[in-house]
Amino acid sequence: MRQSIRALGWTVNIAMILVAIFLVTSVYSMSSTLMGRGIGFGGYEAHVSNGVLVLSFPFFVNNTGYYDISEVNLTTYIRDYKGVLISTPTTFIERIAKGSLVEETHNLSISLADIITKNLIHLLLYDSEIKVDASVAFRYAYTFSFQMTIPNMSMPWGAPFYSLSIERISPFYNGTHFILNVSLGFENHSFFSIIGTMKLKLYNELGESFGSGTIEVYAPPGSKYKDQIEVVIDDILKFTKKGYVHIYFDGLGPVEMPYG
């Protein structure tokens, strides 16, 4: 009986020693991995697809420790300078085996439609900053859960329609219709090209619509755009010297601007 109790005691002691060794080596291994640039990011690339601006960030997890890393979850919270949440993209990596390097791409998406619906028109018209908070959660050795937060990162935002303005409205009669030549201009401060259809709808000061017109727009990054849009007047009696214009781009909008 005493031998059984003694053997059980030795078993418990050995188990406790093994647990202690596991805890110490796990903490040391994880700390060494993180301190040795175990997680890193590269420079972003940008492109636009179907009205969505995508910023692609390459990142890697280099597991130099003694145990596997699992359930890696990278989440970013993208806000405008006022703190309004724009997007919360997430990238998940199931497992990084010990001694291995895994590379992934984290895509930050900003929908131009969301900019309109979330009342973020200022991102289209004014240069600003985008605020980014990043959170990385993972499990180490399939046992311990950790989370790191990188707050208050910022990146410059160049407005694609900076200084958008109606510069001049000139009416004339072409023999069959009354026409307005609407002179419009803006600067593309963004890092992507503006390619698409712009539509204008004109209203007088009473809110009565009296004409519309469209034009194909192409403005490379850093360029100044200026052109005239011909607007056919539906009812010349509704045309007055003051009113406002609704501007749509590829179906998104409207951005409202006064004239007169």
From Thr105, Thr64, residue being in a loop (DSSP other than H, G, I, E, B), at negative phi and surrounded by fewer than 17 Cβ atoms within 10 Å (Cβ to Cβ): Thr64
Per-region count, region 140-163, residues in contact with a Phe, Trp or Tyr (Cβ under 7 Å, 6 or more places away or on another chain) and open to solvent by 40 Å² or more (accessible area, probe 1.4 Å): 3
Residue match in region 74-86 (condition: among the hydroxyl-bearing types (Ser, Thr, Tyr), in contact with a Lys or Arg (Cβ under 9 Å, 6 or more places away or on another chain) and surrounded by fewer than 19 Cβ atoms within 10 Å (Cβ to Cβ)): yes
Filtered residues of region 68-110 (kept if out of contact with any strand residue (DSSP E or B) (no Cβ under 7 Å at 6 or more places or on another chain) and over 29 Å from Pro156 (Cα atoms)): Ala97, Lys98, Gly99, Ser100
Condition met for Gly83 (on the phi > 0 side of the Ramachandran plot and either under 21 Å from the mean Cα position of the chain (by Cα) or modelled with pLDDT under 85 (or both)): yes
Region 114-143, subset among the acidic types (Asp, Glu) and not in a strand (DSSP E or B), residue nearest to Tyr77 (Cα to Cα): Asp114
Yes/no for Val132 being more than 30 Å from Tyr248 (Cα to Cα) and either open to solvent by less than 50 Å² (accessible area, probe 1.4 Å) or in contact (Cβ under 8 Å) with a residue 40 or more places away in the chain (or both): no
Strands (runs of 3 or more DSSP E) lying entirely in region 164-260 (those with 3 or more residues that are touching a residue at least 12 places away in the same chain (Cβ under 8 Å) and open to solvent by less than 20 Å² (accessible area, probe 1.4 Å)): 178-187, 194-204, 209-219, 224-233, 243-249
From the options Ala137, Ala97, residue that is in contact with a Phe, Trp or Tyr (Cβ under 9 Å, 6 or more places away or on another chain) and over 13 Å from Ile86 (Cα atoms): Ala137
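The values are calculated or read from the model by the stated rules, or taken from the named source; none is laboratory data. The structure presented is a predicted model; accordingly, all values stated were derived computationally and were not measured. Backbone-built Cβ (ideal geometry, glycine too); neighbour counts: all protein chains shown. Note: accessible area is taken over every heavy atom of the protein model, side chains too, but ligands, DNA and RNA are not part of it. Shrake-Rupley method; radii C 1.70, N 1.55, O 1.52, S 1.80 Å.
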